[in-house]
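J.: Take a look at the following structure, please.
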Amino acid sequence: MGTNIDNIIVVNEQEIIQTSIDGYFKNLAIVGRFENSSLLNSYSFSPMGVEEFESLSAIGEIFPTTHQVYKCAKDVFAQKVNTGMNKSAVEKVAICQVLNTDSNIEEALVRIGYSDAYHWVLISNNDDDIDSFVEYFADKRKIPHVQTNEKEVLSNEKVVKQVGEEQVEVDNIAKLLRDKNAKAVVYYHALTDEFLNGAMGSIHCFNRPGKIAGVFDKPSGITQDDLTDNQKSNLDKNCVNYYTAYIGQAGKYQTRVLTAGGFMSNGDEIQQQVILDRIILNLQSAGMDALEMKIPYDDRGGSILEGKLKAVLRQLQNEELIAEDSLADDGTLKKGQTLQVLSRETVKQQYPSKFAEKCFVVKATAELALNAKKVEINLVYQA
């Protein structure tokens, strides 16, 4: 009888785990200005300025139910994954403490330095706080959600502010951020004890981040705003999101109360930004996975890298965030996504500086699968 080769050549299998950062997109941070004296049982908030929570009950042990932080957290945790389930859409909530000694919100966030959440919700509706908060996120792959009840936002008129000893007219906060092309989501809501920005930030954390467009949603626990057509037009003009009634010719039989907008202040769709950030950050992580494997800088290494990067795009395509492959009118195949790692020789010839750095050059395309927003029906009838 021959000798079993298994006793001579031993193969130890080890699965290469693809790093996923999708949990990052399901975390939300609440930023509020408060002192320790406002907390229950003489609780002393973390000197780091941030604490993480996984339930409203845990927050309720520290913040009284009358506290604005608690009220915002309540609206965050009230959003469930789907009807009939008691699981919150958000996985983790971080609360960031802004102190009275902080000159502005941006300074506080720099001091805190927390980075593990993608969606950020500001409690304050003060214009200066909003502007400072949004400025902090200008160069970050995170989305700030802010809320205003400023009546001038509805009329798109200027606001009178006290500057020193003078009163001056300035743009309302929505127009200010629109003119700045700010990467922020602005909500109008009349009630200051309800946080539409917190509720919608939570809804964006649903199972497949990027599948929510921020329009035609029904946030739990939020009161609708009764708005005129002119007010809605002004909100739309400055890319402000709101929660109101859609009314048809059949009155109450066609009325639906849903969110409207779905845009950031810069005019980009919220869904577009979330999907794009998921693609970019997951590609970065997959690239680091490959480099951590110590791949060689040759076509063998390029093949390994390409496999990992393609897996990211395929996964997002399976989640319906990247368009599926389809046939064009001429019968040719139109790919929803493509990716290619250029050969070592091609990089050497066309990108000599990258070659010198031993840098793989990757070319990729992706058609984002954004949700529908309108329907046009052309009806032909015969009497």
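J.: Identify, please: which residue in region 352-379 is among the basic types (Lys, Arg) and assigned to a loop (DSSP other than H, G, I, E, B) and is, among those, modelled with the highest pLDDT? Break it down into steps so the answer makes sense when it comes.
T.: Initially, region 352-379 is screened for residues among the basic types (Lys, Arg), giving 354, 358, 363, 373-374.
Imposing the further condition that a residue be assigned to a loop (DSSP other than H, G, I, E, B) reduces the set to 358, 373-374.
Numbers: 358: 97, 373: 94, 374: 94.
Across region 352-379, the extreme among qualifying residues is 358.
J.: Then there's this: Search region 83-109 for residues being of a type in the set (Gly, Ala, Ser) and free of Cβ contacts under 8 Å to residues at least 60 places away in the same chain, and hand back the single one that is surrounded by the most Cβ atoms within 10 Å (Cβ to Cβ). Explain how you work it out, then say what you get.
T.: Quick first cut of region 83-109, residues of a type in the set (Gly, Ala, Ser) only: 84, 88-89, 94, 103, 108.
Narrowing further to those that are free of Cβ contacts under 8 Å to residues at least 60 places away in the same chain: 84, 103.
Details: 84: 6, 103: 9.
Here the residue is 103.
J.: A further question on this structure: In region 290-312, what count of residues is obtained for those that are of a type in the set (Lys, Arg) and surrounded by 17 or more Cβ atoms within 10 Å (Cβ to Cβ)? Spell out the reasoning first.
T.: Taking region 290-312 and keeping what is of a type in the set (Lys, Arg), we get 294, 300, 308, 310.
Within this subset, residues satisfying the condition of being surrounded by 17 or more Cβ atoms within 10 Å (Cβ to Cβ) are 308, 310.
Here the count works out to 2.
A quick yes/no check of all residues on (1) more than 30 Å from residue 336 (Cα to Cα); (2) in contact with a Ser or Thr (Cβ under 6 Å, 6 or more places away or on another chain); (3) surrounded by fewer than 18 Cβ atoms within 10 Å (Cβ to Cβ):
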site	(1), (2), (3)
224	yes, yes, yes
230	yes, no, yes
238	yes, no, no
258	yes, no, yes
268	no, no, yes
275	no, no, no
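J.: Return the residue satisfying two criteria in turn: it lies in region 231-265 and is in contact (Cβ under 8 Å) with a residue 12 or more places away in the chain, among the polar types (S, T, N, Q) and not in a strand (DSSP E or B), and of such residues it is nearest to residue 322 (Cα to Cα). Outline the logic, then answer.
T.: Just the residues of region 231-265 that are in contact (Cβ under 8 Å) with a residue 12 or more places away in the chain, to begin with: 231-232, 234-246, 257-265.
Then drop every residue that is not among the polar types (S, T, N, Q), which leaves 231, 234, 238, 241, 244, 259, 265.
Then keep just the ones that are not in a strand (DSSP E or B); that gives 231, 234, 238, 265.
On the way: 231: 35, 234: 32, 238: 28, 265: 24 Å.
Result: 265.
J.: Further question on the same structure: Can you name the residue in region 240-274 that is of a type in the set (A, V, I, L, M, F, W, C) and in contact with a Gly (Cβ under 6 Å, 6 or more places away or on another chain) and, of all such residues, is farthest from residue 210 (Cα to Cα)? Steps first, please.
T.: Just the residues of region 240-274 that are of a type in the set (A, V, I, L, M, F, W, C), to begin with: 240, 245, 247, 250, 257-258, 260, 263-264, 270, 274.
Going one step further and asking which of them are in contact with a Gly (Cβ under 6 Å, 6 or more places away or on another chain), we end up with 270, 274.
Details: 270: 8, 274: 5 Å.
Among those residues, the one meeting the criterion is 270.
J.: Among the listed residues 186, 90, 121, which satisfies the condition of being at pLDDT 95 or above and touching a Phe, Trp or Tyr at 6+ places or on another chain (Cβ under 8 Å)? Explain how you work it out, then say what you get.
T.: Numbers: 186 fails: touching a Phe, Trp or Tyr at 6+ places or on another chain (Cβ under 8 Å); 90 fails: at pLDDT 95 or above.
The match here is 121.
J.: Could you list all residues from region 193-236 that are basic (Lys, Arg) and in contact with a strand residue (DSSP E or B) (Cβ under 8 Å, 6 or more places away or on another chain)? Break it down stepwise before answering.
T.: Going through region 193-236, the residues basic (Lys, Arg) turn out to be 208, 211, 218, 232.
Residues satisfying the conditions are 218, 232.
J.: Further, regarding this structure: Any idea how many residues of region 325-361 are touching a residue at least 40 places away in the same chain (Cβ under 8 Å) and either in contact with a helix residue (DSSP H, G or I) (Cβ under 9 Å, 6 or more places away or on another chain) or over 17 Å from residue 295 (Cβ atoms) (or both)? Walk me through it before giving the result.
T.: At the first step, the residues of region 325-361 found to be touching a residue at least 40 places away in the same chain (Cβ under 8 Å) are 342-344, 358, 360.
Cutting the leftovers down to either in contact with a helix residue (DSSP H, G or I) (Cβ under 9 Å, 6 or more places away or on another chain) or over 17 Å from residue 295 (Cβ atoms) (or both) gives us 342-344, 360.
Residues that pass the stated criteria total 4.
J.: Here's something else I'd like to know. Looking only at region 127-149, count every residue that is closer than 17 Å to residue 188 by Cβ and surrounded by 17 or more Cβ atoms within 10 Å (Cβ to Cβ) and tell me the total. I'd like the intermediate steps shown before the answer.
T.: At the first step, the residues of region 127-149 found to be closer than 17 Å to residue 188 by Cβ are 127, 129-131, 133-134, 144-149.
When the remaining residues are screened for being surrounded by 17 or more Cβ atoms within 10 Å (Cβ to Cβ), the result is 127, 129-131, 133-134, 144-148.
Matching residues across region 127-149 total 11.
J.: Determine which single condition residue 243 fails, assuming it passes every other condition in (1) more than 23 Å from residue 175 (Cα to Cα); (2) of a type outside the set (A, V, I, L, M); (3) in contact with a strand residue (DSSP E or B) (Cβ under 6 Å, 6 or more places away or on another chain).
T.: Unmet condition: (1).
J.: Also, quick follow-up: From the list 340, 349, 382, pick out the single residue that is more than 24 Å from the chain's Cα centre (by Cα) and part of a strand (DSSP E or B). Talk me through it step by step, then tell me what you get.
T.: On the way: 349 fails: part of a strand (DSSP E or B); 382 fails: part of a strand (DSSP E or B).
Every option except 340 fails the conditions.
J.: Right, next: Among the residues of region 313-324, which ones are surrounded by 12 or more Cβ atoms within 10 Å (Cβ to Cβ) and either out of contact with any Lys or Arg (no Cβ under 9 Å at 6 or more places or on another chain) or outside any helix (DSSP H, G or I) (or both)? Let's see the steps before the verdict.
T.: Residues of region 313-324 surrounded by 12 or more Cβ atoms within 10 Å (Cβ to Cβ): 313-317, 319-324.
Across region 313-324, the qualifying residues are 313, 314, 315, 317, 319, 320, 321, 322, 323, 324.
J.: Could you say which residue among 112, 62 is hydrophobic (A, V, I, L, M, F, W, C), in contact (Cβ under 8 Å) with a residue 60 or more places away in the chain and either over 21 Å from residue 274 (Cβ atoms) or not assigned by TED's automatic domain parsing to the domain that holds residue 208 (or both)?
T.: Working: 62 fails: in contact (Cβ under 8 Å) with a residue 60 or more places away in the chain.
Going through 112, 62 in turn, just one is hydrophobic (A, V, I, L, M, F, W, C), in contact (Cβ under 8 Å) with a residue 60 or more places away in the chain and either over 21 Å from residue 274 (Cβ atoms) or not assigned by TED's automatic domain parsing to the domain that holds residue 208 (or both): 112.
J.: Same structure, new question: Do you know which residues across region 181-236 are more than 24 Å from residue 132 (Cα to Cα) and of a type in the set (Val, Ile, Thr)?
T.: Correct list: 203, 212, 215, 222, 223, 228.
J.: How many residues does region 34-83 contain that are part of a loop (DSSP other than H, G, I, E, B), of a type in the set (Phe, Trp, Tyr) and under 20 Å from residue 201 (Cβ atoms)?
T.: Going through region 34-83 one residue at a time, the tally reaches 2.
The values are calculated or read from the model by the stated rules, or taken from the named source; none is laboratory data. Predicted model only: the values in this text are computed from it and were never measured. Note that we place each Cβ from the backbone using ideal geometry, even for glycine, and neighbour counts take in every protein chain shown.
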